[in-house]
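Q: This is the structure, below, for whatever I ask next.
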Amino acid sequence: MWSMLAILIIAAVIFFMEFPLLKKKKKKKDLWFFSILLVFFTAVSVLEASEFPLPNPLDYIQGFYQFFSGS
Amino acid sequence: MDNQTITPRQFMFLVILFTVGSSILIVPGPLAAQAKQDAWLSIILSILIGLLLILFYDHMTKLMEGKTFVQATIMVFGNWFGRFLLFFYLSFLFILAALVLRNIGDFMTTEIIPETPLQFTHILFLIVVIWGAYLGLEVMGRSAEIFMPWVFLLLIFFTITLVPQIKIENLQPFLGEGVMPVLSTSTLALGTPLLEMVVFLMILPYVKDAQPKRKAWVLGVLIGGFILTVITLLCLLVLGSDLAALNTFPSYRLAQKINIAGFLEGLEVVIGIIWMLTIFFKMVVLYYCVTVGIAQFLTMDDHRPLLLPLGMGIIVLSIIAYPDVAYFETFVATTWFPYALTHGFLLPALVWIGLLIKKKRSG
Amino acid sequence: MIVMKRGIFFKVSAAALCLLLLTGCWNSKDLDKLGIVVAMGIDKTDDDQYLLVTQVINPSEIATEAPTTRPPVSTYSTTGETIFEAFRKLASESSRDMYLAQLRLLVIGEDLAEEGMMSSLDLFYRDHQFRTAFYVAVARDTDVNTLLSILTPYEKIPANKLMSAIEAVEQSHGSSKGVRIDELISQIRNKGQNPVITGLLKEGPSDTGNNITNIENIDAPSNLTIDHLGVLKDDRLVGWLDDEASRGYNYILGNVKSSVVTHPCTDGTASIEILRTQSNMDAVFKGGEPSIAIELDVEGNVGELDCPIDLGEADSLKDLNKETEKEIKRLMETSIQISQDDYGIDIFGFGSVIHRKNPKYWKTVEDDWDTHFKELDVDIQVKAELRRKGNSTQPIKKEG
């Protein structure tokens, strides 16, 4: 619970650190990508903090190469 | 990005620190487990193969004509297929950065602060890394210049203080198990750190002066490789191949053995500064390149807004990347080399061929 | 410069972050809340549990200028299914957190040593708090608890006394040898060499050692001494070498830095002070069968003479050299004979020497090396050189 709250606060801090600058410079595209990535990774972090079983990319990588080595 | 440049000398220091960082912790153990007392030969062998790789990368940089790997790939393969390839390249760097972060986290929690949760070690370490990547390449290069003497001094101190404990017979019998184990384990050192050098294809365009670049790179790898060889040799000579393989972090165990006349001991944390500094630079190079790469991938003007959001992602990935140390050990032993080979050699080779064809057509 | 542009919000949050992060560690422990462990002992109890004895420094007693009657160290003993469990139970006995990095000595009970000690050593090599610089020894003929409860005169901390005594014996007499934990583990795992281990003895009656009055006497009735070497087959204690065999062992391995060699000469004895030794071990293959050649160079002085020889004669020192060589060779042969005939265990690492010389041959004998070891020929060459006679040119006699 506390960790999720902490993540949200951190995300908000990050947003307010970058947002005014990007807005001032009128970088619309940068602002969009920044916001999308921030929302995405905040969601991932919150899921991780709530002990949601996230898929591990290393599992896929390992599976992929094991498929080739035939084991 | 913001047109920051570094000198070839700074670039060389970054290469040295990158080569040593995290490899110094994770390479000697598995190497000693497989190649026994000949583990040092595998390192030397892999450095020699690595040099060919570096020459290849260098040739590629010339063809890229001042563009980073990301820009060059998009130029050669177009917006869609180029980005498809780059997705894998960038994910490779991202995963590598997360794993390196986990290396230092694992090291700290095993040896120094076992009760501090892994997340906090990662967050604290990453904050400094983000700050470094935020300030840009120039600052990274200059701080490499500032810290390099410390790393060297500590390494020299480390080596000299261990000389009295060396037992030369730990290296015998020379090639007692035959040549095969040496050849097969050299892939391990080739995977970490040499194939990871592909990350420098993102930095090389920002290095000043076209001419001494190759010299700086080759010299950096040679010096870094020499340091790794010396550390591995010390592990074998002082601990013996059996204990070196038994230890999770043999080089740290080595530092614990420093004992000068019975009163100067317990210096392992001071020596630990070497790993912290080198891993920091490896991490900051990786992180900088990932964010710059993603920014160029998305055609953004500035990579800095991405640093903090990606940092959240890297922390999550570094935690979930492996549930326990045993998973990591099998991953490094079985999957890492083919994975690094694909992204560190095959993918650049594909782009290299594309560049050659393009050059032929236009020229 | 870039930071400047970020404005007040950035600066404040950066400062706040520093305030939060630079305060200290996650789990800081104050020095006055720590118990500094200097020695530990492990053994098996009768109901098959582990017994853990911990010797902790009593800091107020060590640092004080006005000593009280409180003992300088305290020992706690706890039991548990595993050593780790026993260790955690310490918390209920002692009020302090245990700090382990200063550990000097690990004492293993004789029963546990005979049963096999490898599984017990695991914790001591695995846990991050331990350094690898501590000695491992076996308590001979006493239980661990009594041994670690003895207060020693002169040196306030018994563990320190034991550690320096082990080093002193190793260096100035050569009848024992300190074995550090990593050395022990690597030798247990090595097929070509079986380890030896230091023995610790208690002298005097058992009921006085743990009392502070023990060290109020000029000659403390109970004391700790270093015994000879124990022989281990893999990780099990199978027997002990006597004084001569232990010294022979140290000569063979070149461990002797300084020692004394006494041999009879006409009407008395001569003692030679050994100053330095240099040993060289090599495997020789003749017709496919290995043998070991040991060369030992000894340098020494005349230490004590009470026999009528004329040191002025050129040959007298040569004779002493010969006698010394003979005596040292006898010690080494005794040692080899005991380990070949009585125990059948290679404690000298002859197997490792053969492995280094001829890995192919080693592969064929590796798995039953001990039976091959019993038949192994060992050739010993000792070369002694006495350089000086000391202050007197001749033995001091009653008549001038």
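Every number in this text was worked out from the coordinates using simple rules, so none of it is lab data. Just so we're clear, the structure is a prediction, and the values are computed from it rather than from any experiment. As a convention, Cβ positions derive from the backbone with ideal geometry for all residues, glycine included, and neighbour counts pool all protein chains shown.
Q: Quick one, can you get me the convex hull of the C-alpha atoms of the range B:74-173 expressed as volume per residue in Å³?
A: Per residue, the Cα convex hull of the range B:74-173 comes to 216 Å³.
Q: Right, another one. Working only with C-alpha atoms, what are the Rg and Dmax values of the range B:8-354, expressed in angstrom?
A: When restricted to Cα atoms, the range B:8-354 yields Rg and Dmax of 19.6, 65 Å.
Q: Could you order peptides B:327-335, A:4-12, C:166-174 by the average number of other Cβ atoms within 10 Å of their residues, highest first? Intermediate results must be reported in sequence, preceding the final value.
A: Working: B:327-335: 16.6, A:4-12: 14.4, C:166-174: 18.3.
Averaged packing, sorted descending, gives the order C:166-174, B:327-335, A:4-12.
Q: State the antiparallel share, in %, of DSSP beta bridges confined to the protein assembly as shown, rounding to the nearest 5.
A: 65
Q: Counting other beta carbons within 10 Å of each Cβ, put C:Asp315, C:Asp243, C:Asp43 in order, fewest first.
A: The most exposed by this proxy come first: C:Asp315, C:Asp243, C:Asp43.
Q: Pick out, from C:Ile83, C:Ile336, C:Leu19, the residue whose Cα sits farthest towards the positive end of the charge dipole of chain C, with +1 on the Cβ of Lys and Arg and -1 on the Cβ of Asp and Glu.
A: Positive-most Cα among the choices belongs to C:Leu19.
Q: With unit charges on the beta carbons (Lys and Arg positive, Asp and Glu negative) and the dipole taken about the Cα centre of the range B:162-252, which residue among B:Thr192, B:Gly178, B:Ser241 sits farthest to the positive side?
A: Checking the options against the dipole of the range B:162-252, the answer is B:Thr192.
Q: Right, something else. Grab the DSSP H runs of the protein assembly as shown that are 4 residues or longer, score each as -39,500 (n - 2.57), total them, divide by all residues and round the 222 nm result to the nearest 500 deg cm²/dmol. Let's see the in-between values first.
A: Details: 33 runs with 449 residues, N = 834.
Helix contribution divided over all residues of the protein assembly as shown: -17000 deg cm²/dmol.
Q: Along the charge dipole of the protein assembly as shown, which of B:Val15, C:Leu148, B:Tyr327 sits closest to the positive end, that is, farthest toward it, with unit charges on the beta carbon of Lys, Arg, Asp and Glu (+1, +1, -1, -1)?
A: The Cα lying farthest towards the positive end belongs to B:Val15.
Q: Label C:Ser164 and B:Gln4 with points 7 Å out from Cα along Cα→Cβ: what is the distance between them in nm?
A: 5.6
Q: Here is a further query. What full-extension length gain, to one decimal in nm, is calculated for C:Leu17 and C:Lys383 as 0.36 nm per residue of separation minus the Cα-Cα distance?
A: Values: separation 366, 0.36 × 366 = 131.76 nm, distance 7.03 nm.
Computed gain between C:Leu17 and C:Lys383 is 124.7 nm.
Q: Right, another one. How large is the dipole of the range B:224-363 about the Cα centre if only Lys and Arg carry +1 and Asp and Glu carry -1, each at its Cβ, rounded to the nearest 20 debye?
A: Charge dipole, the range B:224-363, about its Cα centre: 780 debye, nearest 20.
Q: On to the next question. Over all distinct Cα pairs, what is the inverse of the mean 1/r for the range C:243-400, reported as the Kirkwood hydrodynamic radius in Å? Let's see the in-between values first.
A: Numbers: mean 1/r = 0.0585 Å⁻¹.
After inverting the mean inverse Cα-Cα distance, the result is 17.1 Å.
Q: Here's something else I'd like to know. Of all beta bridges DSSP finds with both residues in chain C, what is the antiparallel percent, to the nearest 5?
A: 65
Q: Still on this structure, please answer the following. Can you check what the net charge comes to around C:Leu296, using other residues whose Cβ is under 10 Å from the Cβ of C:Leu296 (Lys, Arg +1; Asp, Glu -1)? Kindly include the intermediate steps, with their values, before the conclusion.
A: Details: positive: C:Lys329, C:Lys383; negative: C:Glu295, C:Asp297, C:Glu325.
Combined, the nearby Lys, Arg, Asp and Glu give -1.
Q: Take the residue pairs A:Lys25/C:Lys11; B:Lys36/C:Lys329; B:Lys257/C:Lys156 and return only those whose Cα atoms are more than 24 Å apart.
A: B:Lys36/C:Lys329; B:Lys257/C:Lys156, as the Cα separations exceed 24 Å there.
Q: Long-range amide H contacts for C:Met98: which residues qualify at under 5 Å (H placed 1.01 Å from N, peptide plane, sequence gap of 5 or more or a different chain)?
A: C:Gly35
Q: For a quick check: sort B:Met202, C:Met118 by the number of other beta carbons within 10 angstrom, fewest at the front.
A: Ordered by Cβ neighbours within 10 Å, fewest first: C:Met118, B:Met202.
Q: Just counting partner chain Cβ atoms within 10 Å, what average do the residues of peptide B:307-320 show around their Cβ?
A: Mean shielding by partner chains, rounded to a whole number: 6.
Q: Taking Cα atoms of the range B:322-362, Rg/Rh with Kirkwood Rh, to two decimals?
A: Numbers: Rg = 16.5 Å, Rh = 12.2 Å.
When Rh is taken as the Kirkwood radius, the ratio is 1.35.
Q: Follow-up question, since we're still on this one. If you count, for every residue in C:350-360, the Cβ atoms of partner chains within 10 Å of its Cβ, what is the mean?
A: On the way: counts 0, 0, 4, 2, 1, 4, 8, 2, 2, 7, 3.
Mean partner-chain Cβ count within 10 Å for C:350-360: 3.
Q: How far apart, in nm, are two points set 7 Å out from the Cα along the Cα-to-Cβ line at A:Phe19 and at C:Asp368?
A: With each label placed 7 Å out from Cα toward Cβ, I get 8.1 nm.
Q: Also: Need one value for C:40-53: mean number of C-beta atoms belonging to other chains within 10 Å of its residues' C-beta atoms.
A: What the average comes to for C:40-53 is 0.
Q: Next up: Pull out a ≥ b ≥ c, the square roots of the eigenvalues of the alpha-carbon gyration tensor of chain C, then state rounded if a/c is under 1.5, prolate if not and a/b is larger than b/c, and oblate in the remaining case.
A: prolate
Q: Which net charge results for the neighbourhood of B:Met197, defined as the other residues with beta-carbon distances under 14 angstrom from its beta-carbon, given Lys and Arg at +1 and Asp and Glu at -1?
A: Summing Lys/Arg as +1 and Asp/Glu as -1 gives +1.
Q: When chain C is modelled as a GNM with alpha-carbon springs shorter than 10 Å, which of C:Thr142, C:Thr364, C:Thr78 fluctuates the most?
A: So, out of C:Thr142, C:Thr364, C:Thr78, the one fluctuating most is C:Thr364.
Q: Any idea what the dipole of the range C:243-400 comes to, in debye rounded to 20, about its Cα centre with Lys/Arg Cβ at +1 and Asp/Glu Cβ at -1?
A: 580
Q: Using square roots of five times the C-alpha gyration tensor eigenvalues, list the equivalent-ellipsoid semi-axes of the protein assembly as shown in whole Å, biggest first.
A: For the protein assembly as shown, the semi-axes come out at 59, 33, 24 Å.
Q: For the range C:68-98, which GluC sites (Glu not before Pro) are both in a DSSP coil and crowded by at most 12 other Cβ atoms within 10 Å?
A: The qualifying sites are C:Glu81.
Q: To make sure I understand, if each residue's beta carbon is the centre and we count other beta carbons within 10 Å, what order do C:Asp48, B:Asp242, B:Asp209, A:Asp59 fall in, fewest to most? Walk me through the numbers on the way to the answer.
A: Working: C:Asp48 7, B:Asp242 19, B:Asp209 10, A:Asp59 14.
Fewest-to-most ranking of C:Asp48, B:Asp242, B:Asp209, A:Asp59: C:Asp48, B:Asp209, A:Asp59, B:Asp242.
Q: Evaluate the charge dipole of the protein assembly as shown about its Cα centre and quote only its size in Debye, nearest 20, assuming +1 on the Cβ of each Lys and Arg and -1 on the Cβ of each Asp and Glu. Display every interim value, and only then the final one.
A: Values: 70 positive and 89 negative charges, 1356 e Å.
Charge dipole, the protein assembly as shown, about its Cα centre: 6520 debye, nearest 20.
Q: B:Thr330: net charge of surrounding residues, Cβ under 14 Å, Lys/Arg +1, Asp/Glu -1, itself excluded?
A: Its environment carries a net charge of -3.
Q: Related question: Looking at the P(r) of the range C:29-240, how many percent of alpha-carbon pairs lie beyond 32 Å?
A: 13
Q: Above 19 Å lies some portion of the pair distances; for the range A:2-69, what is it as a whole percent of all C-alpha pairs?
A: 52
Q: Take the Cα of C:Lys89, step 7 Å along the line toward its Cβ, and report every residue of the range C:114-136 whose backbone nitrogen sits under 20 Å from that point.
A: C:119-124
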